[in-house]
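> Once you've had a glance at the structure underneath, I'll fire off some questions.
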Amino acid sequence: MAALVLGLSSCLDDLNQTPIIEGSAETVYNSAFGCRQALGKLYVSFVIAGQEFGGGDADLSTSGSESFDLMRCYINLQEAGTDEMVYTWASGDNLLDITYLSWDASDPWVTDCYYRIYYTIALCNDFLKHTTDDAIAGFTPDEQTEVHTYRAEARFLRALAYYYALDLFGQGPFVDETTPNVDYLPEAYSSSQIFDYIESELRDNVENALLPPGTNEYGRADQAAAWALLARLYLNASVYTGVDHSTDCITYCKKIVGSGVYSLETDYAKLFNADNHLRTNEIIFPFVVDATTTVSWGSTTYLCCGAVSNDNSLQDPAAYGLTSGWGSYRVRGEFSALWGDATTSADKRCMLFTGNGDTTIDPWLNNGVGDDNTGYRSEKWTNLTDAGEVASNTQSNGVSTDFPVFRLADVYLMIAESVIRGGTGYTRTDALGFLNDLRERAYGDQSGNITDAQMNLDYIIDERARELYLECVRRTDLIRFGRFTSDQHVWQWKGGVVNGRGVNSRYNVYPIPANEIAANGNLSNPNY
């Protein structure tokens, strides 16, 4: 995607403004090549924070002391408040309220994530506004066909951004390429309205306009990406709309499986290293992160460096392809317990550093002093190539490990869960086969396989954690299973106490930022 990057800058005072472009729209969109460059900005808006190396010349102002990309915000909101991750220096990076599930409408990470999402939506709207049939009428027929594909990709990326808004906030303002740029306050859409929009947009305008599975350039969306997004939307439909769509979820998973393009990667660890761009057999759609062209201190740089201790005597960063560890986060004891004894587990997905020998997160959170000596650490994400070599200088360039947004293993898990919930299109025997395919990869043989009697929802929520940890689905999964705020499923420091407790159900969604509510009278936070 490096060749697609175009410099745009913007600071969102409201949600319907046109992004400021370095050069007029007439010069940017006057050729198919210019349109291609503009499309690149839509993709990288998920993983970079600004126009310069490492996020300098930030696209948006920030609520915190530093400007981070959308993915670092999203990782924190999806993982740091769950039973998978606990942040080390929670008070220093303003993550105490995320960790405790006690945030309010002024939280800086919630605010930054919200505006980053809508910045991407604004970019997509601007792209679609300037690439209509009339606008590209002077292009050659082949160029017009090419730009039509770009438009479908822009619609997909906008739908993905709206999905993030739906899942995190359960509501939000709606803007598209037809929205006026001035003197207009966006209408507030409910959860059901955003769901309906994403569904219709993907089914009516995107999936058939994208290239077939496996035929687009790496890092760009094809039909399978749209099917995966629809499947995930339908998997969570009961949360968003109160209506079960398990059969619809299976329908779109079946399209991916039936395409014949995808298969499980034999080595789980290679899905999360610096050569994971070679794993197109399993990775359906990634966010591309590159140490030369998309340098970021968030996204997968955060996942790689943040997991490794900043005490080199405890962990050697070079073993993970890093020049330094940040000591940002550990995993909670309840998560590591999903493998039994994590120090002896035969499951190859149990990629945890257990050298400190302690699964309990000590009460350092009370005074905000990070303690690297408590809690296991993830070793899942690395900056190493398949050959075990360092891919980039993380001290100055970040990592070169891509983030898999959708992969086949998640499709298998969605099928199994949807079958258990009563969906049709696959049988229980089919679902069990998919689950045991994952188990056989994890164990290297059939010793970890499960039986039909073991295939229930309790198994699924735990297996999703083992397979998909630190891939930004845990909060969403816990909410779907009724466990995120419940006192029936607690973890260390949930609710601000060492042994955990239930919290108010309002924390199943994040609030629209207070300054956005003040600026747009159509918006409100009923539960905050």
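The values are calculated or read from the model by the stated rules, or taken from the named source; none is laboratory data. A quick note: this is a predicted structure, and the numbers were derived from the prediction, not measured. Heads up, the Cβs are rebuilt from the backbone with ideal geometry, glycines too, and the neighbour counts pull from every protein chain shown. In case anyone asks, the SASA skips ligands and DNA or RNA and just uses the protein heavy atoms, side chains included. Shrake-Rupley method; radii C 1.70, N 1.55, O 1.52, S 1.80 Å.
> Please list, in order along the range 72-79, the HN-Hα scalar couplings obtained from phi with the Karplus expression 6.51 cos²θ - 1.76 cosθ + 1.60 (θ = phi - 60°), rounded to whole Hz, x for Gly and Pro.
5, 4, 5, 4, 5, 6, 8, 10
> Relative to the longest principal axis of the C-alpha atoms of the chain, give the angle of the C-alpha long axis of helix 191-200, reported between 0 and 90° and rounded to the nearest 10°.
Rounded to the nearest ten degrees, it is 70.
> I need the shape label for the range 136-292. Rule: rounded when a/c is under 1.5, else prolate if a/b > b/c, else oblate, with a, b, c from the alpha carbon gyration tensor.
Working: a/c = 1.70, a/b = 1.19, b/c = 1.43.
Taking the square roots of the gyration eigenvalues as a ≥ b ≥ c, the range 136-292 is oblate.
> Per residue, how much accessible area does the chain show when a 1.4 Å probe rolls over the protein heavy atoms, in square angstrom?
Accessible surface, normalised per residue, equals 34 Å².
> Run the helix sum for the chain: -39,500 (n - 2.57) per DSSP H stretch of 4+ residues, divided by residue count, reported at 222 nm to the nearest 500 deg cm²/dmol.
Dividing the helical sum by the residues of the chain leaves -11000 deg cm²/dmol.
> Among all the lysines, which ones have a C-alpha under 24 Å from Lys129's C-alpha, if same-chain residues fewer than 8 places away are not counted?
Candidates past the 8-residue exclusion: Lys41.
> Then there's this: Starting from the amide H of Asn310, placed 1.01 Å from N in the peptide plane, find each other amide H under 5 Å away whose residue is 5 or more places distant or on another chain.
Gly327
> Quick check: pseudo-label points 7 Å beyond the Cα along Cα→Cβ at Ser396 and Arg501, how many nm apart are they?
5.2
> Separate question: Roughly speaking, what is the stretch gain from Glu26 to Asn205, that is 0.36 nm per residue apart minus the C-alpha to C-alpha distance, in nm to one decimal?
Taking 0.36 nm per residue and subtracting the Cα distance, the gain is 61.9 nm.
> Can you pull a Stokes-Einstein diffusion coefficient for the range 252-315 at 25 °C (0.890 mPa s), Rh from Kirkwood over Cα pairs, as a whole number of µm²/s?
Result for D is 174 µm²/s.
> Shifting gears a bit: Once amide H atoms are built 1.01 Å from N in the peptide plane, which residues 5 or more positions from Gly172, or in another chain, come under 5 Å H to H?
The list, which skips near neighbours in sequence, is Tyr189.
> Local charge sum around Tyr218 (other residues, Cβ-Cβ under 11 Å, Lys/Arg +1, Asp/Glu -1)?
-1
> Then there's this: Give the Kirkwood hydrodynamic radius (Å, one decimal) of the range 452-528, defined as one over the mean of 1/r across all pairs of different Cα atoms.
Final number for the Kirkwood radius of the range 452-528 is 14.7 Å.
> Explain nothing, just compute: Karplus ³J(HN,Hα) = 6.51 cos²θ - 1.76 cosθ + 1.60, θ = phi - 60°, for every residue of the range 403-420 in order, whole Hz, x for Gly and Pro.
Each residue's phi maps through the Karplus curve to give 9, x, 6, 9, 9, 4, 4, 5, 4, 4, 5, 5, 4, 4, 4, 5, 5, 4 Hz.
> Additional query: Obtain the radius of gyration and the Kirkwood radius of the range 192-273 from its C-alpha atoms and give Rg over Rh. Let's see the in-between values first.
Details: Rg = 14.1 Å, Rh = 13.8 Å.
Reported Rg/Rh, Kirkwood definition of Rh: 1.02.
> Can you give me the relative contact order of the chain as a percent, contacts being Cα pairs under 8 Å and 6 or more apart?
Value for the chain: 19 percent.
> Could I ask something else about it? Distance from the Cα centre of the range 98-116 to that of the range 279-321, in angstrom?
Between the Cα centres of the range 98-116 and the range 279-321 lies a distance of 24 Å.
> Shifting gears a bit: Among [x] 69, 64, 47; [y] 87, 69, 47; [z] 65, 51, 49, which one is Cα extents along the principal axes in Å computed from these coordinates?
[z]
> Ignoring any ligand, DNA or RNA, what whole percent of the accessible area of the chain comes from carbon and sulfur when the probe is 1.4 angstrom?
Details: 8420 of 18090 Å².
That share works out to 47 percent.
> Taking H as built 1.01 Å from N, whose amide H comes closer than 5 Å to the amide H of Phe285, not counting residues under 5 places away?
Val405, Phe406
> From the phi angles alone, apply the Karplus equation (6.51, -1.76, 1.60; θ = phi - 60°) to the range 447-456 and give each ³J(HN,Hα) in whole Hz, x where the residue is Gly or Pro.
With the stated coefficients, the range 447-456 comes to 5, x, 5, 10, 9, 4, 5, 7, 7, 9 Hz.
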